[in-house]
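As C-alpha cells, the structure follows; a few thoughts come after it.
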Amino acid sequence: MTVLILAKAILALMIGFVTAIIFGLILIPLLKKMKVRQNVSIFLKDAHKGKDGTPTMGGLIFIIPTIVTVIILLLMDKIEFSENLFIVMFVFVAYGILGFIDDFLSIRRHNNEGLTEIQKLFGQLFIALIFFFIFMKSGGQPVLDIHTLGIKIDMGWFYGIFLLFVLVASSNAVNLTDGLDGLAGGLSLISFLAFGIISWGSHWVVGNEDIAVFCFVLVGSLLGFLFFNTHPAKVFMGDTGSLALGGTLASVAILTNHEITLIIVAGVFVVETLACIIQILSIKLFHRKVFLMAPLHHHFEKLGWSEQDIVKTFWCAGLILSMAAIAFGVWI
C-alpha cells in the first residue's frame with residue numbers, strides 16, 4: 001500500500017511538471033505577442049528596472065495543467081470524485097479568475113492598478129462564502145479540530161467568520177509575498193508538498209487521498225512554472241497565480257482539519273503579512289517606519305541582500321517550517 005501511495009504521488013508530480021513545462025513553452029511567447037506585460041511599481045523602479053515588461057499572468061502555467069490533469073485522472077477513474085475535491089478545485093479556479101480579472105485590468109490600464117482593494121476583498125469574501133456554504137452542505141462541522149492533540153473546539157456561528165478570515169488572509173499573504181523571482185512559487189511548492197503528505201495522512205476526511213493527488217499534481221506544475229520563474233524570471237505569476245495558490249492552500253488546510261498547521265506551513269507568508277501590518281500601523285500611529293520597506297523581502301533588498309540570496313533564505317525557512325508541520329500533523 002505504501003509503495004502504491006508513493007507511486008501515485010510521484011506520477012502525479014511528474015505529470016504536473018511535464019504538462020506545465022509544455023504549456024509554459026506555448027504560453028510565454030503568446031503572452032509576449034499579446035503584450036501582456038508587468039508594470040513594475042514606481043517604488044521598485046531602481047532595483048527592478050530590468051523586470052519592467054516581463055510577461056505576467058504566468059499563474060496560468062500551473063493552474064490550467066493542474067485542472068486538466070485532475071479532470072483526466074477523474075475520467076480515467078484513477079482518482080475518485082468527492083465534494084471535498086470539488087471544493088478545492090472550485091476555490092483554485094475561482095480565486096484564479098479573480099486574480100486574472102485584476103491582472104487584466106492592470107495591463108489594460110498600463111499600470112499596477114487593477115481591481116480596487118475593496119473590489120478584490122469583496123470578490124475574495126464572495127468566493128469564501130460559497131466555499132463555506134458548500135462545505136457546510138457537504139457535512140462540514142463548525143469545529144476546530146486539532147487532531148494530533150485530540151482537541152476539538154465547537155466554534156458555533158463564529159466558525160463561519162473564522163473560515164472567511166483564513167481564506168482571505170491566506171490568499172492575500174501569498175499575493176504579498178509574490179515580489180521576487182521564484183519566491184512565492186517556491187514557497188507555495190513547499191507548502192503544497194507538505195499538505196499533500198498531510199492530506200494523505202488525514203484518513204478521517206472523505207476524499208483525502210484525492211486531495212493529496214491534487215496537491216502533488218500542483219507541486220509538479222509549480223516546479224514546471226519555476227523553470228520559467230526563477231531568476232531571471234521569464235514570466236511572473238501575477239495575481240492570477242498568487243490568489244489561486246493562497247486560497248487553495250487555505251481550503252486544503254480547512255478540509256483536512258489542519259487550520260492551525262497552516263500557520264506553521266505558511267509561516268513565511270504569515271511573517272511577510274505581519275511585516276506589512278506592522279509597517280502600516282507604525283506609520284499611521286507613530287509616523288515612522290519599522291522596516292526599510294514592506295513586505296519583508298524588500299526590507300532585505302534595501303539592506304543590500306541579493307535577490308537570489310533572499311529567495312534561497314526564505315525557501316529554506318519555509319522548508320524547515322513545513323518539515324516541522326509534517327512531523328506535527330502526521331507523525332507525532
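Only the coordinates and a few stated rules stand behind these numbers; no lab work does. Given the structure is predicted, the values throughout are model-derived calculations rather than measurements. Don't worry about glycine lacking a Cβ; one is built from the backbone with ideal geometry, like all the others, and counts go over all protein chains shown.
Subtract the Cα-Cα distance of ILE146 and LEU25 from 0.36 nm times their separation in residues, and report this length gain in nm to one decimal.
39.3 nm
Percent relative contact order of the range 2-331, based on C-alpha pairs within less than 8 angstrom and at least six residues apart?
Relative CO of the range 2-331 lands at 27 percent.
Full extension from LEU125 to LYS32: what is 0.36 nm times the residue separation minus their Cα-Cα distance, to one decimal in nm? Walk me through the numbers before you get to the answer.
Numbers: separation 93, 0.36 × 93 = 33.48 nm, distance 3.26 nm.
Contour length minus the Cα-Cα distance gives 30.2 nm.
Just want the ordering: ASP309, ASP77, ASP210, from fewest to most Cβ atoms lying within 10 Å of their own Cβ.
By the 10 Å Cβ count, ascending, the order reads ASP77, ASP309, ASP210.
Are there chymotrypsin sites (Phe, Trp or Tyr not before Pro) in the range 136-227 that DSSP marks as loop and that have at most 11 other Cβ atoms within 10 Å, and which are they?
Filter output for the range 136-227: TRP157, TRP204.
Find, among the GluC sites (Glu not before Pro) in the range 75-114, those assigned to loop by DSSP (not H, G, I, E, B) with at most 15 other beta-carbon atoms within 10 angstrom.
Qualifying residues, ordered by number: GLU80, GLU113.
Would you mind classifying the range 58-144 by shape? Square roots of the alpha carbon gyration tensor eigenvalues, ordered a ≥ b ≥ c; an a/c under 1.5 is rounded, otherwise it is prolate if a/b is larger than b/c and oblate if not.
oblate
Which Cα, out of ILE326, GLY96, ALA9, lies furthest along the positive dipole direction of the chain (beta carbon charges, K/R +1, D/E -1)?
GLY96
Find how much the distance from THR313 to ARG108 grows on full extension, using 0.36 nm per residue of separation minus their present alpha carbon separation; answer in nm with one decimal. Working shown, then result.
Working: separation 205, 0.36 × 205 = 73.80 nm, distance 3.51 nm.
Residue separation times 0.36 nm, minus the Cα-Cα distance, leaves 70.3 nm.
Using the crude model of +1 on Lys and Arg Cβ and -1 on Asp and Glu Cβ, and no other charge, please compute the dipole size for the chain relative to its Cα centre, in debye to 20.
In debye, rounded to 20, the chain gives about 880.
Among SER221, SER82, SER306, which one moves the most in a GNM of the chain with springs linking Cα atoms closer than 10 Å?
Between SER221, SER82, SER306, it is SER306 that shows the largest mean-square fluctuation.
Of the chain, which part is the longest with no trypsin sites (Lys or Arg not before Pro) in a loop (DSSP not H, G, I, E, B) and with at most 15 other C-beta atoms within 10 angstrom?
With trypsin sites (Lys or Arg not before Pro) excluded where exposed in loops, the chain gives 79-287 as its longest stretch.
Can you give the charge dipole size of the range 223-332 about its Cα centre, rounded to the nearest 20 debye, using +1 on the beta carbon of Lys and Arg and -1 on the beta carbon of Asp and Glu?
Details: 6 positive and 6 negative charges, 59 e Å.
Roughly 280 debye for the range 223-332.
Find out how many positive minus negative residues lie around SER199, taking Lys and Arg as positive, Asp and Glu as negative, among other residues whose Cβ is under 11 Å from that of SER199.
Within the 11 Å Cβ shell, the charges total -2.
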